[in-house]
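Trainee: The structure follows.
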Amino acid sequence: MTTPQKDNIVQPAPETAIMVGVQVGSASGQFLSLEDSLTELELLADTAGIEVLATLTQNLDSINPRTFIGSGKVEELKLLAEELGVGVVLFDEDLSPRHQRELEELLGDNLKVIDRSALILDIFSQHARTSEGMLQVELAQLEYRLPRLTRAWTHLARQAGGGGGRTGSTGGVGLRGPGETQLEVDRREIKTRIARLREELEKVREHRLRHREHRRKTNVSVVALVGYTNAGKSTLLNTLTNTDIYVADQLFATLDPTTRQLELPSGQTVVLTDTVGFIQKLPTQLTAAFRATLEEIAEADLLVHIVDISHQNAAQQKKTVLETLMEIGAGEIPIITAYNKVDLLTQEELERVRANLESQALLISAKNGSGLGALLDTIGRELFAAYAEMDVLLPYDQGQLVSVFHEKGHVQKLEHTDKGIHISGYIPKELQTQFAPYLRKAHKAK
């Protein structure tokens, strides 16, 4: 059955699903309530092309070691799935290979059992555009599938043909992925493929490392945009750098990191990078596979944390991002918090936010440009707080000082004159005395 779309393009009808959420014990300590977590899961499902028709929930003292949920709930789920004619059962938690195997046996071959991690991996598979992104997604998917090998191949056998991680649409949600792998490959061959992917990604990591070392030598500061998925990072990058990175009101609309040059109001040029969005319960396979990408964050000079202030769970999302930054070794990097999407707030809500705003935080709208001037000023101030602005004329016999300026400072302008080398820019404040005899004019540090 197909659903006609505009421009006479015919698209497959979306898969349909029942969501299953479980509250185990007390909800204390959880970032999101069960209801909010399921709302987020439904947004993930929509991004993956799944239409959710119903939701089942259960409160448990402990997880059922065989079927995750109770046996009575399994029977209820089976009857509801038959009644609605759905093809997918979507769990909000991660299922063990045993849970998945037992549930699929009890629910029947007509139902695919997908957990939250498999869904996120599928979305990443759809949205990866670069060869690096595809490699990372394929590695994460294979590592996820390896312990689920027996049932996974039953799924993959339904997949007509191959295709890369980005295509594979014939397989449906949870099945898209590494088309290079044969459908009936055994465990040894998968492990071989995983090893090969890790080697290729290590080369990617080394390539990124060389780029970072080059940036350090040229004294280009790196500012990384971080935030929960759909917080508005790509929109902000587009607005600040006048580019057209793909933007959509979806979770993980953009996956591959994007880097652009940005000129600050003071004239300094920095590198601005947009990174993959974070989310609660981010699959561990993704964190490992995206190591090279996440290192871009850990090596940044400054982080700009974009928070969707219009979201009802903004505080929890902010906490999730900060926790993830600590996990990837970026917790000590200076950070600016920018509360985005203020254009979606009512005047009353905006005043309430202002009254409780942290002293260093900013209110912005990446969409209409509100507050972006203050954000750029703050970025410049944070990056160059330890620097003094200098304008010097260095004699040609002071080549060592020229080298120090290049290595330790930020050169804005360099000109060779009859009297020497004219350099203007920024140097660490502790080096000011070395350049004092050659000042053309005194500047105060910003």
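Trainee: Do we have any residue at all in the range 140-155 that's modelled with pLDDT under 95 and either in the same structural domain as Leu294 (by TED's automatic domain parsing) or in contact with a Phe, Trp or Tyr (Cβ under 6 Å, 6 or more places away or on another chain) (or both)? Give the derivation first.
Mentor: First, the residues of the range 140-155 that are modelled with pLDDT under 95: 140-155.
From the residues that got through so far, the ones that are either in the same structural domain as Leu294 (by TED's automatic domain parsing) or in contact with a Phe, Trp or Tyr (Cβ under 6 Å, 6 or more places away or on another chain) (or both) too are none.
There is no residue in the range 140-155 that is modelled with pLDDT under 95 and either in the same structural domain as Leu294 (by TED's automatic domain parsing) or in contact with a Phe, Trp or Tyr (Cβ under 6 Å, 6 or more places away or on another chain) (or both).
Trainee: Tell me the residue from Thr337, Thr320 that is under 23 Å from Asn230 (Cα atoms), in contact with a His (Cβ under 8 Å, 6 or more places away or on another chain), hydroxyl-bearing (Ser, Thr, Tyr) and crowded, with 17+ Cβ neighbours inside 10 Å, please. Working first, answer last.
Mentor: Details: Thr320 fails: in contact with a His (Cβ under 8 Å, 6 or more places away or on another chain).
Selected residue: Thr337, the only one of Thr337, Thr320 that is under 23 Å from Asn230 (Cα atoms), in contact with a His (Cβ under 8 Å, 6 or more places away or on another chain), hydroxyl-bearing (Ser, Thr, Tyr) and crowded, with 17+ Cβ neighbours inside 10 Å.
Trainee: Oh, and also: If I filter the range 401-423 for residues that are surrounded by fewer than 19 Cβ atoms within 10 Å (Cβ to Cβ), touching an Asp or Glu at 6+ places or on another chain (Cβ under 8 Å) and outside any loop (DSSP other than H, G, I, E, B), do I get at least one hit? If you could, list the steps in order and put the result at the bottom.
Mentor: We begin by selecting, within the range 401-423, every residue surrounded by fewer than 19 Cβ atoms within 10 Å (Cβ to Cβ); these are 402-404, 406-408, 411-420, 422.
Checking which are touching an Asp or Glu at 6+ places or on another chain (Cβ under 8 Å) leaves us with 422.
The next check asks that each one be outside any loop (DSSP other than H, G, I, E, B); those that pass are 422.
The answer is yes, given that some residue of the range 401-423 is surrounded by fewer than 19 Cβ atoms within 10 Å (Cβ to Cβ), touching an Asp or Glu at 6+ places or on another chain (Cβ under 8 Å) and outside any loop (DSSP other than H, G, I, E, B).
Trainee: May I pose another question? Any residue that is over 26 Å from the mean Cα position of the chain (by Cα) and in a loop (DSSP other than H, G, I, E, B) - is there at least one of those in the range 72-85?
Mentor: Residues of the range 72-85 over 26 Å from the mean Cα position of the chain (by Cα): 72-85.
Cutting the leftovers down to in a loop (DSSP other than H, G, I, E, B) gives us 85.
Checking the range 72-85: at least one residue is over 26 Å from the mean Cα position of the chain (by Cα) and in a loop (DSSP other than H, G, I, E, B).
Trainee: Continuing with the same structure: Being of a type in the set (A, V, I, L, M, F, W, C), modelled with pLDDT of 95 or more and surrounded by fewer than 19 Cβ atoms within 10 Å (Cβ to Cβ) narrows it down to one residue among Leu90, Leu53, Leu77; which is it? Even if it seems obvious, please write down each step before you answer.
Mentor: Details: Leu90 fails: surrounded by fewer than 19 Cβ atoms within 10 Å (Cβ to Cβ); Leu77 fails: surrounded by fewer than 19 Cβ atoms within 10 Å (Cβ to Cβ).
So the residue among Leu90, Leu53, Leu77 that is of a type in the set (A, V, I, L, M, F, W, C), modelled with pLDDT of 95 or more and surrounded by fewer than 19 Cβ atoms within 10 Å (Cβ to Cβ) is Leu53.
Trainee: Mind listing just one residue for me: the one in the range 288-316 that is under 25 Å from Leu350 (Cβ atoms), of a type outside the set (A, V, I, L, M) and not in a loop (DSSP other than H, G, I, E, B) and, of those, nearest to the chain's Cα centre (by Cα)?
Mentor: Once the filter is applied, the top-ranked residue is His305.
Trainee: Would you say Gln285 is at pLDDT 75 or above, part of a loop (DSSP other than H, G, I, E, B) and closer than 30 Å to Asp115 by Cβ? Explain how you work it out, then say what you get.
Mentor: Values: at pLDDT 75 or above: yes; part of a loop (DSSP other than H, G, I, E, B): no; closer than 30 Å to Asp115 by Cβ: yes.
Judged against the criteria, Gln285 is not a match.
Trainee: Given the options Thr346, Thr378, name the one that is more than 29 Å from Tyr438 (Cβ to Cβ), among the polar types (S, T, N, Q) and in contact (Cβ under 8 Å) with a residue 12 or more places away in the chain. Lay out the reasoning, then the answer.
Mentor: Values: Thr346 fails: in contact (Cβ under 8 Å) with a residue 12 or more places away in the chain.
One residue alone meets the criteria, Thr378.
Trainee: Related question: Confirm whether Leu107 is buried (at least 18 other Cβ atoms within 10 Å of the Cβ), in contact (Cβ under 8 Å) with a residue 12 or more places away in the chain and within 20 Å of Leu149 (Cα to Cα).
Mentor: Yes; evaluated as a whole, the condition is true for this residue.
Trainee: For the range 426-435, give me each residue that is in contact with a Lys or Arg (Cβ under 7 Å, 6 or more places away or on another chain) and either surrounded by 17 or more Cβ atoms within 10 Å (Cβ to Cβ) or not in a strand (DSSP E or B) (or both).
Mentor: Ile427, Leu431
Trainee: Can you name every residue in the range 411-443 that is touching a residue at least 12 places away in the same chain (Cβ under 8 Å) and of a type in the set (Val, Ile, Thr)?
Mentor: Looking only at the range 411-443, we keep the residues that are touching a residue at least 12 places away in the same chain (Cβ under 8 Å), and these are 411-413, 417, 419-429, 431-432, 434-435, 438-441, 443.
Scanning the range 411-443 gives Val411, Thr417, Ile421, Ile423, Ile427.
Trainee: Can you confirm whether the range 258-275 contains a residue that is under 21 Å from Ala385 (Cβ atoms), without any contact (Cβ under 8 Å) to a residue 24 or more places away in the chain, assigned by TED's automatic domain parsing to the domain that holds Asn356 and in a strand (DSSP E or B)?
Mentor: yes
Trainee: Moving to a separate point now. Testing Arg66 on (1) part of a helix (DSSP H, G or I); (2) modelled with pLDDT of 90 or more, one condition comes back false. Which one is that?
Mentor: With (1) part of a helix (DSSP H, G or I); (2) modelled with pLDDT of 90 or more applied to Arg66, the lone miss is (1).
Trainee: Limited to the range 122-140, what total is found for residues that are touching a Leu at 6+ places or on another chain (Cβ under 7 Å) and within 28 Å of Gly85 (Cβ to Cβ)?
Mentor: The number of residues fulfilling the criteria is 1.
Trainee: Ok, one more. For the range 295-315, does any single residue satisfy the condition of being assigned by TED's automatic domain parsing to the domain that holds Thr259 and on the phi > 0 side of the Ramachandran plot? Steps first, please.
Mentor: As a first pass, look at the range 295-315 and keep what is assigned by TED's automatic domain parsing to the domain that holds Thr259: 295-315.
Still in the running and on the phi > 0 side of the Ramachandran plot: none.
Checking the range 295-315: not a single residue is assigned by TED's automatic domain parsing to the domain that holds Thr259 and on the phi > 0 side of the Ramachandran plot.
Trainee: Among what's in the range 379-403 and is among the small types (Gly, Ala, Ser) and under 27 Å from Val223 (Cβ atoms), pick the residue that is nearest to the chain's Cα centre (by Cα). Show your work before the answer.
Mentor: Taking the range 379-403 first, the residues among the small types (Gly, Ala, Ser) are 380, 385-386, 388, 399, 403.
Subsequent filtering for residues that are under 27 Å from Val223 (Cβ atoms) retains 380, 385-386, 388, 403.
On the way: Gly380: 24, Ala385: 28, Ala386: 30, Ala388: 35, Ser403: 38 Å.
Only one residue tops the list, namely Gly380.
Trainee: I want to confirm something. Restricting to the range 354-375 and keeping residues that are in contact with a helix residue (DSSP H, G or I) (Cβ under 9 Å, 6 or more places away or on another chain) and surrounded by fewer than 17 Cβ atoms within 10 Å (Cβ to Cβ), which single residue is farthest from Asp244 (Cα to Cα)? Quick ask: steps written out before the conclusion?
Mentor: Filtering the range 354-375 for residues in contact with a helix residue (DSSP H, G or I) (Cβ under 9 Å, 6 or more places away or on another chain) gives 360, 362-372, 375.
Checking the rest, the ones that are also surrounded by fewer than 17 Cβ atoms within 10 Å (Cβ to Cβ) come to 360, 368-370.
Working: Gln360: 29, Asn368: 15, Gly369: 15, Ser370: 19 Å.
Checking each candidate, the answer is Gln360.
Trainee: While we're here: Considering (1) under 27 Å from Pro265 (Cβ atoms); (2) buried (at least 19 other Cβ atoms within 10 Å of the Cβ), say which one Asp391 fails and leave the rest.
Mentor: (2)
The values are calculated or read from the model by the stated rules, or taken from the named source; none is laboratory data. The structure presented is a predicted model; accordingly, all values stated were derived computationally and were not measured. Neighbour counts are summed over all protein chains in view; Cβ atoms, including those assigned to glycine, are modelled from backbone coordinates with ideal geometry.
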